[in-house]
Each structure stands twice: as structure tokens, then as C-alpha cells.
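Student: My questions will all concern the structure given below.
The values are calculated or read from the model by the stated rules, or taken from the named source; none is laboratory data. Nothing here was measured: the structure is a model prediction, and the numbers come from that model. Here Cβ is always computed from backbone atoms with ideal geometry, including for glycine, and neighbour counts include all displayed protein chains.
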Amino acid sequence: MPSSTTNMGLYKKNPSTDGNDTFDINTMLNDNWDRIDSQVGGQLGNSAPMAVNLVNGLQVVTAPKGAPYNVQNITGRTLVNLLGRLGNGESVYQWTATPSVLALDTSVKVSGNSSFKLTWSGSGAGQDLAATGSTITIKDTSKYILVGSVKPNVGTAKIVPITYNGGTVTGDYASLVPVISDTTKFNLSRFKFTPNAGSNVMQLRMVVGASGNNANFDEIRMFEVTSAEYAEFDGLTAAQVAAKYPYVDDVKHVNAPYVIKYGENLLPTFGEWGTTNPANSAMYITDPYSVTIVKTLAGFSTYNATNIPIISGQQYTFSAAVSVSNIGGTIGAGGYYNIYTYDKNGNLIASFNTVPYAIANGSMIFNKTFTTDSNAASVTILVGADTGVTGTFTFTNPMLNLGTTAKPFKPRNDDMLAFPNVQLASSVDGSVYDTLFKRDGKFFVEKRFKDMLLDGGLSWGQTNDYAGYKRLVSNLGANVVSSSQRAVKYDGKVLSTVGAIDGAQLNDDGNFFLDVADSDSGWGETYMPLIAEMQAYFNGWAMYDTSNSSFPYNRVDGNFKGWFKVIGHTNGTGTLPTSYAPNWTPYKLIYQLATPTFEEVQIDAGMSLHEGLNQIEVGQGGVVREKATPIFSAPNWFINDVGLTPSQLKNRTSVILAVYKNGIRDSKWSIDSGNPYGKQRAYCSPVNYDPTATYEVSYIALDQYLLAAPVQSVNGEVASNLKTVVDTLSTNQADQDARISANEILARQIYNVPQKTSAAMTLYVDGTNGADNNDGSAGKPFKTIQRAINSVPQIVNHAVVINVAAGTYAEGVSIRGFSGTREIIITGDTIASTSRNVILFEMSYNSTAIVVRGFNINTTSNHGVQVSGCAKVLLSDLNIVGNAANYGGIVAEYSKVYIFNNVISNRLTAILSHVNADVMTEVNSGTSNTYATYAQYGGKIARNSTQPSGLHLTTTGGINVSDSGVLNPWGDNTQANRSRVNYGSNTTQNLNAVTATKILFQAGGVDNLLEFNSGTARFTAKSAGTYNVSGVIVWSSGMSTSVGRNITIYKNGSPFRNIFGDNGSNSGNPIIPYMMNIDLSANDYIEVYVQTSSATVLGSGSSIDVVRIA
């Protein structure tokens, strides 16, 4: 009989039964060919790619086939918050409360560190308010929207704009704005208005409704919008308003855009899950996606995957396998799962916890489909054992996928397409914009706008003197569009046009004019400032008369000039400042270029969609493979812990995406929210940490309002059939062959994968004419010093020289983790001058020599130079004179530093040697320091020739020696010939119960006279004397309040003295210090023994330190 094929339904005959049938061309050929063409032709024929245009935030995209996603372009956007930083809830100094009390509240906030809290303090009826002390310039021909977050605590609250013409009210909108009454959360207040005719300024008010009321306000912003945006505003949901018009400080552009395609499985490996009540059971990971809980005690024991991003109103399915054995106790839910969804503020919305659970021995599959609520933002998945149950529970292959059907298990495999060094701006109305686009497999940015800081690095002149203000000018060059400027004052105020205080204007000849108030600058009506004094103002300094402390400065003889901070009028000095005032944020300017420029940009990784539903996130503020400095704090190594400052990343984190080890993703690191700088930190156990490796972190920055405006759209495409998939892959491969891959660029140039130098290197930096996607040659210099440093291989066996051109570099320069036999020289000027300005230098954990010379370091809120854990550092010709009464000029710890020919002034301590640092200071100068040199905690300072002004101090075991020198306690200066040993353990060690066990110390640090044998863990004295023996013993497991322990020093093979003993510890991994003095004859030897009443395990990190003290 005839039949049909399974997949395409092709008609076929059976030779044994249909051999005599007449051959029918239509049935046997034509119909079958049509079916083949219908099924296969659609996949092999020419088909246009499917457009996939993405918007900001999370979304679902359905792909017909698994295929690469090709970004076509991303356009720029600039948000100009006309309130500047007025509404960010971080400072009250621009507000006047009448008669209420306005304070900062750090406990309730939307973003940043605090919000405003307005409390009625008057009496009687009516409304209490806080009004701005300054006004905002507006135009009666423009349209505006006003948005803010309001949380009434008692009563009601609102945000009210009042418009004026001069001192006459032209519009009071108090009765038109929304009144917020929901006291349970921050609510979005939204209002649009067109100023009445004649309106030219506006005052903003925060209002609480009546006596006894109080409310919190945060993220207040106001934008000028187009007519189309104004018309659509009322139709937007609150979520759409928040997404399209988010809070930003003053002026922000799209910065570091990224696209993440989450894997089909949204759940990470168990190493990234947290745990609950691990003391109630033995909990261990047997495989990246398999955990076992052996439960013997009462109490819940769970693994928790937290903060998994989800989309509101979307269906998801969770599945996992569970195996149970030896179940007993009060079974309850036995082995179970929980699903909880949360809103963006972390508030619980719903739980999806339904049977069946694993309540008997055997195996089963969890399977739960759920639909998220309209305001859901994240989900937490728990698997574990119920409080009363006992037994062994193994959970494997947890899976969370989009849709209503549990998919076959796959490990999580996210793709990320990131542009870490890209900034995209636009005009206010969006008609002109920067564009990121792809051509021939490479990405480029067409730049139509330029950003710059207006500080003392520019040359300024004065053109006119008006009543109350002076007009200054600086030329920016010819590539400008007239009147395209957007200037922001130091306090965040967006400047208006010239003709009044805080006006700005850019002309087509490149002249930029700025109207500066005498009350800001300190230049009186009769005074004409010098160029250097104008530069000082743009570095944050106002002038005053030191003869009578009057402000502003009005003398005509030029005598008794003084300067103090523009903000607060503190930190006075009689010397013309050349660096930034403490905590100064300079003016900044963005303007349109007459002729656009084109720059090639680098990307990180790439992205493919899988067939079916894809969860995709578009955002900004993505930081890709930032070099990290892990810090050990028992029992783990940490990255981005708020209590371990060197471990902190540059920005507070929202989400840590991945940790990389030597350029490869390292799954041994766990992510949690324990004590992070931001929302997440990373940690790993000592056994998984490699001290020789370079670690990097990719993450999303938390404080978006400080960094970027949101990406509005990403235009891209994906192949629509099999032929276009193959064509796309072929094209991408050809593009890849024609250029260095993005991953190689990141690994070799930008993100410091360890490698050795193969020859001497000379790099060039030019902050004015350089670009960070250049190669660093003399003809194509880098733009930033940090980019040059990041281009240096980690192992430096050939000389490296970085030449820095004159200019202002608004960066703190970090030099970390270099080793090798040669030096890195970072050279600016040949003298201590102000030609090359940086914020600060930080050097840590470098075994190669580092030389830094010829820079003006202008930080006033940190140490000028901080050196930690460096073998050899030379600092010369540095000018560190900014007022920083609470900070040091040069601070060293665990390092050897030579300090020569520097100027250090206005510091708490000019030179600080801290915690075993060895410092030589010679021919240095400076004034107005509290301490010139300060040695403490074993730090040593040797002084020769001139030193900065101030006292020379020694405390807490420091040594501070003048050029006449000092003898050590033995009458000579040969400490290197005296006994000193420091060894530590680098692995675990098992201790049997009631058995004295010698502690092994394998890792050597110091052994001056070769007196310690790491094989026998024995110190043998070469000379008779008194020795101090100290250290710590670190347990990793087994300790409890019922386990006794003793630490004993053995001398010549026999117990000599018990130096520690107790009956146990509340901690499962305590760290116990020990110390004693002991008299030894030549060839006497000592060892450290430990005995515990039950079997325990020592962790790595135990140590012994032996010093001859007499």
C-alpha cells in the first residue's frame, strides 16, 4: 500500500505490493516536489532578516531560529534636568524652609544616599512649604514636564511650580498639580505645564498639607519637551513616564550602553545561590547544578537564588529534580521549593508555593508555572528541607524558563553585547544625535557633540564688567555650532543665555562666553581679575580681602588677596590656588560640532538569540571587565566589600554579571548582598583563589542618575530562515578574519589579561588630542593615563615609559598588580608644576618598580598618592598643594618608597609611613602641613635635606630618623642580620581528637638568617637571645562551644608552655592569636602544637612570626 513520509508527508509506494501500479507523474513527482519546495525552500531561499528593535529595560523577543543578533545602530539621547541637582535629595543648601523643617533622610530614599524629609513645624491651618532659594530660568514659548517621587508619611504632599515675571506671579499651579496621599510607598508625581505669557523664571516648592504632616521627596526633575512629547505625556503610564523621563543629575547622555540576552535557563549555578541555616545540616555542592542537604537538626535549610530579573505580566516555568533518602522526623513539606516575586524596591508581591513536594524517599520532578504581577521586577527561588524533617535531599538541574512548558535542562548561558567606552548625546529635541553604527563588522560612533569640563586648565579672559557679574570668554576652536551650548554650573544649575548672571553663549568663531556672578567669584565691581585668578575660580576658589575678611574683593592696590572655597567660604589661603578646591565639581559644557567626527569603538563579546522566547535587557552604565583587587577577610576572598576598601570597584554595583580570571569567566566566585559597595559583592574560598591571577568584574552600575540617560532604542536584526542564518554566520566570520576580535582587544589592550612584555614600550597620552581607542603611539596617543596603564602587560620584563602631555586629566590613576624585573615610568613635567593635572595616584600590589614624576595632584578629599604593597616606588616632582586638612600628601603602607623633590602643602600629614612601610624622603618642600613626616605601626622614615613644613612625629612602633641617623638596640644598623621569621599556612590541616598536632607553615615571607625549616615547621635559633613568638591559628571547621582546644609552644621537642586554652567557641571557624617571649640558646628550636577535644580542621592563613628582641 502507498504511504507518506513522517516529516514532509511525501507520497511513496511499497515495491512489494504496488509494483504493478501505473506511474503517476503528478502524484509521484510533482506533488512531492511541491511539498519539498514548500518545506525546504522557505529555509533555503532568500529571505530578508527580521527586524528586532529593542527598547530600554526588560522585554521578550520571539526568534524564529537560533541566530546571531546584529545591532544596526543606537542613537544618542541627552536629558537636561533643568533643576540640575536641586531635586536629588542629597543636599538642602539650595532650599529655604518656611516655616517647616527640611532635612535629609537616609532611611527612606529612591536613589542615592538620602531623600528630602519635610516636616510641618508651624501652627494653625494652611499649607507648609519648602521653596528653593534660587529660581530657574524658563521660556513662555516652551513646554515643560515636572516629575518627582513623593511619599507622604502623615497627611498629603505635592510638588508645585510657581512662575514669575520679575517679582510678579504669572502662574500658581498649586490647585492643578496632583496631591499624593498614599503613605505606603514613594509615588510618582507628574505634571505638565506651558508657562503663561511673560513668564521668565520659576520657583519650585515641596508642600505638605497641614499641621502635623510630613513627607519624603526624591528624584525631582523637570524637562523641556517637544510638542509631540507634551501631547503624549498624559497617555503614558507611570512606569512609562519613569522610563522615558528618569531622574538624572543636570545633563546626562547615553553612556556605556549594553544588551543582555539571558539564557534559556535564568537560574545561575548553585555556587551563586545563597544559603539559609547551614548549621542545621551538612550542605554541599556536588556539581554546578547539583546540591545535597543532609539534615539532622530542626530548622529550615535552603539554597536561595535571589534577585533574578523578570518581566511583569509574563509566564515563567520552574522545574527541578529532587531525590530523597532516609527521610524521617516531622516531614511537613519534606524537600520543597518556594517562589517569591518582588517589586523594584524589594517589596514582596506574591508567592507561588504549591504541592506536590518531596515527602517520601525516591525521586520526583518539581514543575510550577506562574504569571508575574504587573509590578514584578525580580524573583527568588528556594529549594530546601522543611524545619522538622530529617534525611538526605539532593536537588539537581534547576531550570527557570519563559513560557508555560518546562524546557529540557540547560546551564545558564547569557550573552552580552556591551559598548563600555561609548557616550551618545543629542540635541534637546532629539533632532540631532550621535550614532553608533556597524560597518564591515566594525562599530563606529558618529560624534556630533562634544563634552568638556570648564576648569582651570582652560585659558580665560574677561570681556565686560556688568553690575553684579563679569563676562568671561574662552575659545574652543572653530568646529562648533553657534548657540548649541548646554552649560552646567558647579552646583548643577543648567545655565541660560547671556545677559544676566549664570548666562552662557557659544559663537560660531568658537568663543564661549560665561556670565559669572561677583557673589560667586569674589571679584568686586571695581576689581579686574587676572587670568590665573579666573582659572582659580573655575577650580573652585573665590577671592576675598584678607585685611578685613571682607567679601567680595574690592581693593585697587592688589594687596591682601585671599581665596576660599566657592561653596561654604572655608579653607582660606593667601596663596593663589592652582588645583581643585575640596569636593569641587567643575562647570561642564556640551556643544554641537559643525563637522562630525568618526571614531571606531570596541565591543565586548556578541549576542545570539535562541529559538523561541528570549528575555532581553537593554540598559546603560555597563562596566565591562574592570580590574578588581580581591582582599582576604577570613574565611574568604572578597571583591567589592564595603568594609574592605581596596576591594571596592569604581562604581557602586547594581548587579555583578561575572568575575573573570585571566580573561576567562570564573564560576568559583559566589555573588551575594552581604556587605557590598552597592547591592552585590563577590567572594570565593581560599582553595579556589589564585594569587597569581588577574581578576576582572563585569557589572551594572547602581547610581544611573550620576552616569547616563537611558538608551531609547537599539535597532537590529536577526536571520529569519536557515539560509540567512548561514549567510549571517559566514559574513560575521569574514568580518572576524578581517579584524582582531573584540575579545582579543579587550584581553590584550584594555582589560589586562596577564602577559609578558616582549620589548621595551613607550606610550603617549594627550588629554586634548588623544583618544582611548588609539594605539598609544606618538602620532595616535591615548586620551587618559589609565588607558595607557591598562595597555601595559602584567609582567614587565622590559622598560615601560608613559609620556603624558600637558593638560587636565579628570581621573584618579590606579596602578595595580604589576610584576617583573623592570620598571614602569609615568612621566609628565620635569619639575613640580601645574601643567599636568590629575586627581590622585593609587598604587597597590606591584612587585615591579614604579616611577611617577611631574604631575599636579589636585584632590582635596583623599590622599594625593597612596602606595600599598609595592616593592619599589619613586615619586618626584609632584605638586600636591590642594587644601585637604584631613588627608595625607603621600601615604605608604607595606611598601618601599623614595620621595624626592616634591612640593606638599595644606595637608594633615605631608608624608605618612604606615604599617611596615620603608620611606626615604629627600629635598622636599611645602607649607601649612600639620605634620611634615609621620611614622606609625612599624613604618619607617629616613629624612635627608629639606622637608615640608610641620612636625616630625613617631607613634605606635614607628621609626622617624633624621639625616644624622640612629642606631638599633644592638648598637649598629644591621637589622637585616638579626633574627626575623614570618611564615604562614596555605592549605588546610586535619586535627585528630585529643592528639597534639604540630602546625605546618608552608608559605614563607621573611627569614633573615634562614632559621626556619618549612618541611619540619621548626624554628632553630642561630644565636642566644630573647625571642618574641606570635601568630594566629585559623580553624575552617569543627569548632563549637563543646570542643576544647590548647595551643602549646614546644622547645627542643618537648612541651614548654601552654599559651592558650579554652572550652570552645561559638564560631565554627575562629581565629585565635597567640604570643609569648622565650629565651633560647644557640641551636635551640621551637614548634607550635595544637590539640582539640574533637576532630577539627585548620584553614589556610595560620601564621608564625619570630623576632629576636634582646
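Student: Would a scan of the stretch 422-430 turn up a residue that is more than 30 Å from residue 298 (Cα to Cα) and out of contact with any strand residue (DSSP E or B) (no Cβ under 8 Å at 6 or more places or on another chain)? Quick ask: steps written out before the conclusion?
Tutor: In the first step, residues of the stretch 422-430 are kept if they are more than 30 Å from residue 298 (Cα to Cα); the result is 422-430.
Checking which are out of contact with any strand residue (DSSP E or B) (no Cβ under 8 Å at 6 or more places or on another chain) leaves us with 429-430.
Yes, some residue in the stretch 422-430 is more than 30 Å from residue 298 (Cα to Cα) and out of contact with any strand residue (DSSP E or B) (no Cβ under 8 Å at 6 or more places or on another chain).
Student: Among the residues of the stretch 397-422, count how many are part of a strand (DSSP E or B) and crowded, with 21+ Cβ neighbours inside 10 Å. It would help to see each step written out before you state the result.
Tutor: Step one: of the stretch 397-422, the residues part of a strand (DSSP E or B) are 397-402, 415-418.
Filter again for crowded, with 21+ Cβ neighbours inside 10 Å, leaving 398-402, 417-418.
The number of residues fulfilling the criteria is 7.
Student: Testing residue 338 on (1) within 23 Å of residue 58 (Cα to Cα); (2) in contact with a Leu (Cβ under 7 Å, 6 or more places away or on another chain), one condition comes back false. Which one is that?
Tutor: Every listed condition holds for residue 338 apart from (1).
Student: Here is a follow-up. Pull up the stretch 637-692, narrow it to residues that are of a type in the set (Val, Ile, Thr) and in contact with a Leu (Cβ under 8 Å, 6 or more places away or on another chain), then point me to the one that is farthest from residue 380 (Cα to Cα). First the steps, then the outcome.
Tutor: Quick first cut of the stretch 637-692, residues of a type in the set (Val, Ile, Thr) only: 639, 642, 645, 653, 655-656, 659, 664, 671, 687, 692.
This time we only want the ones that are in contact with a Leu (Cβ under 8 Å, 6 or more places away or on another chain), so: 639, 653.
Details: 639: 23, 653: 19 Å.
Filtering the stretch 637-692 for residues that are of a type in the set (Val, Ile, Thr) and in contact with a Leu (Cβ under 8 Å, 6 or more places away or on another chain), the one farthest from residue 380 (Cα to Cα) comes out as 639.
Student: Counting just the residues of the stretch 1013-1046 that are among the charged types (D, E, K, R) and assigned to a strand (DSSP E or B), which one comes out modelled with the highest pLDDT? Talk me through it step by step, then tell me what you get.
Tutor: Step one: list which residues in the stretch 1013-1046 are among the charged types (D, E, K, R), which gives 1018, 1022, 1045.
Subset that is assigned to a strand (DSSP E or B): 1018, 1045.
Details: 1018: 94, 1045: 84.
Filtering the stretch 1013-1046 for residues that are among the charged types (D, E, K, R) and assigned to a strand (DSSP E or B), the one modelled with the highest pLDDT comes out as 1018.
Student: Keeping to the stretch 851-869, report how many residues are under 16 Å from residue 899 (Cβ atoms) and assigned to a loop (DSSP other than H, G, I, E, B). Outline the logic, then answer.
Tutor: Step one: list which residues in the stretch 851-869 are under 16 Å from residue 899 (Cβ atoms), which gives 851-855, 857, 863-868.
Filter once more, keeping what is assigned to a loop (DSSP other than H, G, I, E, B): 854-855, 863-864.
Count: 4.
Student: Moving on to the next point. What residue, among those in the stretch 516-575 that are among the acidic types (Asp, Glu) and crowded, with 18+ Cβ neighbours inside 10 Å, is nearest to residue 495 (Cα to Cα)?
Tutor: Taking the stretch 516-575 first, the residues among the acidic types (Asp, Glu) are 518, 520, 525, 533, 545, 557.
Subset that is crowded, with 18+ Cβ neighbours inside 10 Å: 518, 520, 533, 545.
Values: 518: 16, 520: 14, 533: 22, 545: 29 Å.
Among those that are among the acidic types (Asp, Glu) and crowded, with 18+ Cβ neighbours inside 10 Å, it is 520.
Student: What pairs can you find where one residue is in the stretch 518-535 and assigned by TED's automatic domain parsing to the domain that holds residue 564 and of a type in the set (Gly, Ala, Ser), the other is in a helix (DSSP H, G or I) and surrounded by fewer than 21 Cβ atoms within 10 Å (Cβ to Cβ), and their Cβ atoms are less than 8 Å apart, with a gap of 6+ or different chains?
Tutor: If the second residue must be in a helix (DSSP H, G or I) and surrounded by fewer than 21 Cβ atoms within 10 Å (Cβ to Cβ), no pairs are left.
Student: Another question about this same structure. Having 1 or more residues that are within 30 Å of residue 386 (Cβ to Cβ) is the bar; report the strands (runs of 3 or more DSSP E) wholly within the stretch 234-347 that clear it. Outline the logic, then answer.
Tutor: Values: elements: 251-255, 258-261, 274-276, 281-287, 290-295, 301-309, 315-329, 335-342.
Fully inside the stretch 234-347 and qualifying: 274-276, 281-287, 290-295, 301-309, 315-329, 335-342.
Student: Could you identify the single residue in 683, 699 that is assigned to a strand (DSSP E or B) and more than 30 Å from residue 246 (Cβ to Cβ)?
Tutor: Numbers: 699 fails: more than 30 Å from residue 246 (Cβ to Cβ).
Being assigned to a strand (DSSP E or B) and more than 30 Å from residue 246 (Cβ to Cβ) holds for just one of 683, 699, which is 683.
Student: Residues in the stretch 1047-1071 that are polar (S, T, N, Q), farther than 22 Å from residue 982 by Cα and at pLDDT below 90: how many?
Tutor: To start, the set of residues in the stretch 1047-1071 that are polar (S, T, N, Q) comprises 1048, 1052, 1054, 1058, 1063, 1065-1067, 1069.
Checking which are farther than 22 Å from residue 982 by Cα leaves us with 1054, 1063, 1065-1067, 1069.
Next, from what is left, pick out any that are at pLDDT below 90: 1063, 1065-1067, 1069.
Residues flagged as polar (S, T, N, Q), farther than 22 Å from residue 982 by Cα and at pLDDT below 90 within the stretch 1047-1071 amount to 5.
Student: Mind telling me which of the residues 826, 789, 839, 815 ends up being more than 24 Å from the chain's Cα centre (by Cα) and either more than 23 Å from residue 539 (Cα to Cα) or surrounded by 18 or more Cβ atoms within 10 Å (Cβ to Cβ) (or both)? Show your work before the answer.
Tutor: Numbers: 789 fails: more than 24 Å from the chain's Cα centre (by Cα); 839 fails: more than 24 Å from the chain's Cα centre (by Cα); 815 fails: more than 24 Å from the chain's Cα centre (by Cα).
Exactly one residue qualifies, and that residue is 826.
Student: Follow-up. Name, by its number, the condition in (1) surrounded by 19 or more Cβ atoms within 10 Å (Cβ to Cβ); (2) at pLDDT below 90; (3) in a strand (DSSP E or B) that does not hold for residue 578.
Tutor: (3)
Student: Residue under question is residue 892, and the condition is that it be at pLDDT 90 or above, in contact with a Pro (Cβ under 7 Å, 6 or more places away or on another chain) and either not in a loop (DSSP other than H, G, I, E, B) or not β-branched (Val, Ile, Thr) (or both); does it hold? Walk me through it before giving the result.
Tutor: Values: at pLDDT 90 or above: yes; in contact with a Pro (Cβ under 7 Å, 6 or more places away or on another chain): no; either not in a loop (DSSP other than H, G, I, E, B) or not β-branched (Val, Ile, Thr) (or both): yes.
No; evaluated as a whole, the condition is false for this residue.
Student: Among the listed residues 210, 197, 243, identify the single one that is modelled with pLDDT under 90, surrounded by fewer than 16 Cβ atoms within 10 Å (Cβ to Cβ) and over 30 Å from residue 617 (Cβ atoms). Please lay out each step first, then the result.
Tutor: Values: 197 fails: modelled with pLDDT under 90; 243 fails: over 30 Å from residue 617 (Cβ atoms).
Being modelled with pLDDT under 90, surrounded by fewer than 16 Cβ atoms within 10 Å (Cβ to Cβ) and over 30 Å from residue 617 (Cβ atoms) holds for just one of 210, 197, 243, which is 210.
Student: Follow-up question, since we're still on this one. What are the residue pairs meeting all of these: first residue in the stretch 574-596, first residue under 24 Å from residue 249 (Cα atoms), second residue of a type in the set (Asp, Glu) and assigned to a strand (DSSP E or B), Cβ atoms under 8 Å, and 6 or more apart or on different chains?
Tutor: 588/451; 589/451; 590/451
Student: List the residue pairs whose Cβ atoms are under 6 Å apart, where the first residue sits in the stretch 337-361 and is among the acidic types (Asp, Glu), the second is surrounded by fewer than 17 Cβ atoms within 10 Å (Cβ to Cβ), and the two are 6 or more positions apart or on different chains.
Tutor: The qualifying pairs are 343/375.
Student: Another question about this same structure. Being acidic (Asp, Glu), farther than 23 Å from residue 836 by Cα and not assigned by TED's automatic domain parsing to the domain that holds residue 588, is that true of even one residue in the stretch 443-452? Before you say what the answer is, go through the steps one by one.
Tutor: Step one: filter the stretch 443-452 for residues acidic (Asp, Glu), giving 446, 451.
When the remaining residues are screened for being farther than 23 Å from residue 836 by Cα, the result is 446.
Right, trim to not assigned by TED's automatic domain parsing to the domain that holds residue 588 and you get 446.
Scanning the stretch 443-452 turns up at least one residue that is acidic (Asp, Glu), farther than 23 Å from residue 836 by Cα and not assigned by TED's automatic domain parsing to the domain that holds residue 588.
Student: What's the number of the only condition in (1) assigned by TED's automatic domain parsing to the domain that holds residue 685; (2) of a type outside the set (Asp, Glu); (3) buried (at least 17 other Cβ atoms within 10 Å of the Cβ); (4) free of Cβ contacts under 8 Å to residues at least 60 places away in the same chain that residue 633 fails to meet?
Tutor: Against the list (1) assigned by TED's automatic domain parsing to the domain that holds residue 685; (2) of a type outside the set (Asp, Glu); (3) buried (at least 17 other Cβ atoms within 10 Å of the Cβ); (4) free of Cβ contacts under 8 Å to residues at least 60 places away in the same chain, residue 633 comes up short only on (3).
Student: Residue 846 - would you say it is closer than 24 Å to residue 768 by Cβ, surrounded by 23 or more Cβ atoms within 10 Å (Cβ to Cβ) and either within 24 Å of the chain's Cα centre (by Cα) or modelled with pLDDT of 90 or more (or both)? Please lay out each step first, then the result.
Tutor: Working: closer than 24 Å to residue 768 by Cβ: no; surrounded by 23 or more Cβ atoms within 10 Å (Cβ to Cβ): yes; either within 24 Å of the chain's Cα centre (by Cα) or modelled with pLDDT of 90 or more (or both): yes.
Judged against the criteria, residue 846 is not a match.
Student: Looking at the stretch 510-537, which of the residues that are over 36 Å from the mean Cα position of the chain (by Cα) and among the hydroxyl-bearing types (Ser, Thr, Tyr) is nearest to residue 584 (Cα to Cα)?
Tutor: Ranking the qualifying residues of the stretch 510-537, first place goes to 519.
Student: Mind listing whichever residues of the stretch 1082-1099 are within 22 Å of residue 1041 (Cα to Cα) and of a type in the set (S, T, N, Q)? Don't jump to the end; show me each part of the working.
Tutor: Of the residues in the stretch 1082-1099, the ones within 22 Å of residue 1041 (Cα to Cα) are 1089-1099.
Of everything in the stretch 1082-1099, those that are within 22 Å of residue 1041 (Cα to Cα) and of a type in the set (S, T, N, Q) turn out to be 1091, 1092, 1093, 1094, 1096.
Student: I'd like to check something: does the stretch 653-663 contain any residue that is part of a loop (DSSP other than H, G, I, E, B), in contact (Cβ under 8 Å) with a residue 12 or more places away in the chain, at positive phi and surrounded by fewer than 21 Cβ atoms within 10 Å (Cβ to Cβ)? Steps first, please.
Tutor: The first filter runs over the stretch 653-663 and keeps only residues part of a loop (DSSP other than H, G, I, E, B), leaving 662-663.
If we keep only those that are in contact (Cβ under 8 Å) with a residue 12 or more places away in the chain as well, we get 662-663.
Subsequent filtering for residues that are at positive phi retains 662-663.
If we keep only those that are surrounded by fewer than 21 Cβ atoms within 10 Å (Cβ to Cβ) too, we end up with 662-663.
Scanning the stretch 653-663, I find at least one residue that is part of a loop (DSSP other than H, G, I, E, B), in contact (Cβ under 8 Å) with a residue 12 or more places away in the chain, at positive phi and surrounded by fewer than 21 Cβ atoms within 10 Å (Cβ to Cβ), so the answer is yes.
Student: Tally time: how many residues in the stretch 303-315 are in contact with a Phe, Trp or Tyr (Cβ under 9 Å, 6 or more places away or on another chain) and over 26 Å from residue 653 (Cα atoms)?
Tutor: Result for the stretch 303-315: 1.
Student: Answer with yes or no whether residue 1056 is among the hydrophobic types (A, V, I, L, M, F, W, C) and part of a strand (DSSP E or B).
Tutor: Numbers: among the hydrophobic types (A, V, I, L, M, F, W, C): yes; part of a strand (DSSP E or B): yes.
When the stated conditions are applied, residue 1056 passes them.
Student: If you don't mind, another one. Among the candidates 832, 810, single out the residue that is assigned to a strand (DSSP E or B), small (Gly, Ala, Ser) and either farther than 24 Å from residue 695 by Cβ or in contact with a Phe, Trp or Tyr (Cβ under 7 Å, 6 or more places away or on another chain) (or both).
Tutor: Working: 832 fails: assigned to a strand (DSSP E or B).
When all the criteria are applied, what remains is 810.
Student: Residues to consider are 668, 627; find the one that is outside any strand (DSSP E or B), surrounded by fewer than 23 Cβ atoms within 10 Å (Cβ to Cβ) and either touching a helix residue (DSSP H, G or I) at 6+ places or on another chain (Cβ under 8 Å) or modelled with pLDDT of 90 or more (or both). Write out each step before concluding.
Tutor: Working: 627 fails: outside any strand (DSSP E or B).
668 is the lone residue from the list that is outside any strand (DSSP E or B), surrounded by fewer than 23 Cβ atoms within 10 Å (Cβ to Cβ) and either touching a helix residue (DSSP H, G or I) at 6+ places or on another chain (Cβ under 8 Å) or modelled with pLDDT of 90 or more (or both).
Student: Further question on the same structure: Looking only at the stretch 177-215, count how many residues are in contact with a Leu (Cβ under 8 Å, 6 or more places away or on another chain) and either farther than 28 Å from residue 428 by Cα or assigned by TED's automatic domain parsing to the domain that holds residue 703 (or both).
Tutor: 4
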